[in-house]
1. Considering only protein heavy atoms and a 1.4 Å probe, what is the carbon-and-sulfur percentage of the accessible area of the stretch 64-139?
2. Write down the accessible area per residue of the stretch 265-322 in Å², having rolled a 1.4 Å probe over the full set of protein chains.
3. Give a residue-ordered list of calculated ³J(HN,Hα) values for the stretch 261-271 (Karplus: 6.51 cos²θ - 1.76 cosθ + 1.60, θ = phi - 60°; whole Hz; x for Gly, Pro).
4. 7 Å from Cα along Cα→Cβ at both MET212 and MET396: what's the point-to-point distance in nm?
5. What do you get for chymotrypsin sites (Phe, Trp or Tyr not before Pro) in the stretch 374-437 restricted to DSSP loop and a cutoff of at most 11 other Cβ within 10 Å of the site's Cβ?
6. Non-local amide H neighbours of ARG88 (under 5 Å, H modeled in plane, Pro and chain starts lacking H): which ones?
7. Provide the FRET efficiency to the nearest 0.05 for the SER161-ALA373 pair, computing r from the beta carbons and using R0 = 30 Å.
8. How big is the chain on each of its three principal axes, counting only the C-alpha atoms and giving the largest first in Å?
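The values are calculated or read from the model by the stated rules, or taken from the named source; none is laboratory data. Remember, predicted model here, so these are calculated numbers, not experimental data. Note that each Cβ is placed from the backbone with ideal geometry, even for glycine, and that neighbours are counted across all protein chains shown. Protein only, heavy atoms only, side chains kept; ligands, DNA and RNA dropped before computing areas. Shrake-Rupley method; radii C 1.70, N 1.55, O 1.52, S 1.80 Å.
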Amino acid sequence: MSVTSSGSATYSEAVEGSNAKRGLWSSRLAFILAATGSAVGLGNIWKFPYITGENGGGAFVIMYLACIAVVGIPIMMAEVMIGRRGGRSPVNSLRLIAERDKLHPAWKLVGAVGVLAGFLILSFYSVIGGWAVSYVGTAASGQLAGQSADAIGAIFSGLLSDPLTLLLWHTVFMALVMVVVARGVRSGLERAVSILMPGLFILLLIVVGYAMTSGSFGKAVTFLFQPDFSKLTTSGVLVALGHAFFTLSLGMAVMMAYGSYLPKNISIAKTSITVSIIDTGVALLAGLAIFPIVFANGLEPGAGPGLIFQTLPLAFGQMPMGSFFGTLFFVLLIFAAWTSGISLLEPIVEWLEEQKGLNRTVSTLGAGVVCWALGIASILSLNLWSDVAPLSFIPMLEGKTIFDLLDFFTANILLPLGGLLVALFAGWVMSKQAMENELSLSASAFSLWFVTLRFITPVAVAVVFIYNLI
Ligand code: TRP
């Protein structure tokens, strides 16, 4: 992340230095870029369409939008606010606020939940990032041109059935993430985000434009936006809630870390809302790009994690200059996933530096390699271990592979739990005066936020949890 005083400050410098020495985001835009870089990723383009397809469309989308508004945005504001008030890395920010306001030191556990969640998420995130890396080559070599849906499907199942190829691309993706985190250089990345994100947006628009000509655009719009609540299950609601956290990078203190660099005079509410709107916009565009292709080709909306890899290549194979656009699209997808992957690894590395006194290179190598190794379990879940469902004795987890379980446990349990703790911390524990100062909202806007965070958010998360247990 770019900071005005040093340009490449790492979180550890941030912890050592006083607030004045660590430097701040150069501008509101810089914060928005970094936070958007973290938020917009595979969650928007890979995960949102496939879980929408699996959960029946419209009603799920409405649930997801409601979760963004009622749970996501208030918690993002709380995370950014806690980070800025503490002015340190998440674990230390929480400790500092706890000391200053004479609270129980156990609150720093929020940071610990985050470190664990980031570690588990990155292990499978990198495997999917690897799929994107692999598809750059597939698109660039012209293999997609004019292919039928069956042939495109065969290319994808060919990739999944080949553990060594998956391992190769997983390794490449993890290495990309580790190199940036090890060097602690964020200024180049910020520039990259400011060019590549709009690029990704434009490419999605091009695919949406193509999808409009497919003849099934209306059907896709109906599927995405016309709610049929009979199709929404209680577990679908949990998935929508979990995804609100996942897609906004909430629940593991990433936004807290970023918030600690935000200058005091910048509005937390406006920036959080901006980031959430961009993130949601990208997800909805991805849905509008993918579902027309699904329906036009008689594919299955609930096809699962492979959905975008079975539909987008089909569109690129048919549109003019498709190999070019396809290659560009997957390159941009890698960048989106890369900036998100960095924000998943960063808190772990920072924690190792602080708690274990390791230097940045050693911390990155240690955390990265263990995470990479765990990723192998996700790779094997796609082929050799595709029948291994270790927790099938729990009804809700029946038939879930290790890969599915990692995704489920992190997105649907750890992140909402982390978010719940943040909501309780801000809603019930932190000094109200301090929060009013940080947020500097009008009295009514502050009350709206405060009441939502104090009552609605925790109750919503708790109700969804309890319903799913029984
Ligand atoms: N938000 C990212 C995505 O949608 C994933 C991600 C990055 C994330 N950092 C995170 C999720 C921190 C939870 C917490 O792809």
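1. Values: 1380 of 1990 Å².
The value for the stretch 64-139 is 69 percent carbon and sulfur by accessible area.
2. Details: 1740 Å² over 58 residues.
Computed with neighbouring chains in place, this is 30 Å² per residue.
3. Residue by residue, the stretch 261-271 yields 9, 7, x, 5, 8, 9, 6, 5, 5, 4, 5 Hz.
4. Placing both labels 7 Å beyond Cα along the Cβ direction yields 4.2 nm.
5. Working: sites: TRP385, PHE393, PHE403, PHE408, PHE409, PHE425, TRP428; in loops: TRP385, PHE393.
Qualifying residues, ordered by number: PHE393.
6. Excluding prolines and chain starts, which carry no amide H, the hits are SER93.
7. Working: r = 21 Å, r/R0 = 0.71.
The pair SER161/ALA373 has a calculated efficiency of 0.90.
8. Rounded to whole Å, the extents work out to 64, 47, 44 Å.
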